[in-house]
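Working notes, structure below.
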Amino acid sequence: MIISNISQRLQDVNTLLATCRQDSITFEQAMLLSLFYKDFNDTNRIVTEATAMFQDDAEQLNEISFSLFSEAGRFLSLDITGLQSVDFESLFEANLRPFELRCGEAKDVATVLWREYSAMSNKLDFLPLDSEDYKSLDPVCDAKKAEYDTAHARVNLLYNELQQERDRTFCVYCFKPVFLSVLVERLKGISGSIISDIRRMKGDAHE
Amino acid sequence: MSDGILFKDTSEWMDTVDLALCMFIYDVCNDCQFGHLSGSDFVNFMNLKPTMQPAYVRPKENLRVCYMVLSVSQTVKPRERGKQWAEDFLQRCGISRSYYDKHRNDVCAQGATRENREYRKSIDRAIEKARQLNRTP
């Protein structure tokens, strides 16, 4: 259930914002903020989970909601204007650059090997099969092809790594501090409503 | 009693247009197609809920708002709910159904101005970002 660990994750966000230099955050710090937004922006799911949890464990839901309400209040009391100057898109791009470079370099190596292999292969096409030149070039050509295959497999591997990193960090690319503020305002509202609903229902049960 | 009735206050936080999409649209439309609103107010406005500040469409922006409404309504499931949302949202914006039916695709037309083409791209990107954000691992 996502509702049970929002509070702890928001506490991590609050600690970071209270202690870091907001206008020069690192990529990892940007990741912590944007991942919180990514993981908890589905507020409908939080409401649905809370409703279900009320049936199973109203006491625990009450505790979780108090904790979330308090952390959200702490977040909203923090000054986060320093974050406004952070270029999250650039942080995302800078993090991907080494992956892109590695992939580009591997591609260059593979391209050279392919050209060398193609040249040899074309030459073989014009040599008589029983000639000495053919017999000496054929194994070299096979070895070059094997070398190319290995290099090509490495390109695929590095390209997949690049795509995975792009997907994993996409939340940084499209993050804006205002998104986080709005989410936390809503989390505060939702947790406040859960607390008041539980209180009201407890009151009804006592009447 | 259903959970919705038990959890009266909490269930009022349920949204038709999810938060991520609202915020990407906010990034494009706030202070442009709509008068300035806070982020929270904009999410409430998109979800047909009361706002602290009055929400309104800026002059000469109805055409662009129509395209946004069309695009957002297509993300709401089931389809009928999306259509109903579009109808209610248009009413809130003071845009007639007939105007919407006639102009909702104008920013995609061949003769559309550069500004309208740019706007269309921004809305399409906002929709795509919201989709991708909630899809990536």
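The values are calculated or read from the model by the stated rules, or taken from the named source; none is laboratory data. Not measured: the values here are computed from a predicted model. Cβ coordinates were reconstructed from backbone atoms using ideal geometry, including for glycine residues, and neighbour counts include every protein chain displayed.
For this structure, a couple of remarks:
- In the set (1) hydrophobic (A, V, I, L, M, F, W, C); (2) without any contact (Cβ under 8 Å) to a residue 24 or more places away in the chain; (3) more than 18 Å from B:Leu19 (Cα to Cα), the condition left unmet by B:Val57 is number (2).
- Residue identified as out of contact with any Gly (no Cβ under 9 Å at 6 or more places or on another chain) and either modelled with pLDDT under 95 or surrounded by 15 or more Cβ atoms within 10 Å (Cβ to Cβ) (or both) among A:Arg97, A:Arg102: A:Arg102
- Residue among A:Glu147, A:Glu165, A:Glu185 that is under 30 Å from B:Phe45 (Cβ atoms), acidic (Asp, Glu) and at pLDDT 95 or above: A:Glu185
- The residue that is farthest from the chain's Cα centre (by Cα), counting only those in region A:155-169 that are at the interface with chain B (Cβ under 10 Å from one of its Cβ atoms) and in contact (Cβ under 8 Å) with a residue 60 or more places away in the chain, is A:Arg166.
- Hey, A:Ile198 assigned to a helix (DSSP H, G or I), surrounded by 18 or more Cβ atoms within 10 Å (Cβ to Cβ) and at pLDDT below 95 or not: yes
- In region B:3-25, of all residues being more than 8 Å from every other protein chain (Cβ to nearest Cβ) and crowded, with 18+ Cβ neighbours inside 10 Å, the one that is nearest to B:Lys121 (Cα to Cα) corresponds to B:Ile25.
- Scanning region A:19-51 for residues that are out of contact with any Cys (no Cβ under 9 Å at 6 or more places or on another chain) and exposed (fewer than 13 other Cβ atoms within 10 Å of the Cβ) returns A:Thr19, A:Arg21, A:Asp23, A:Ser24, A:Glu28.
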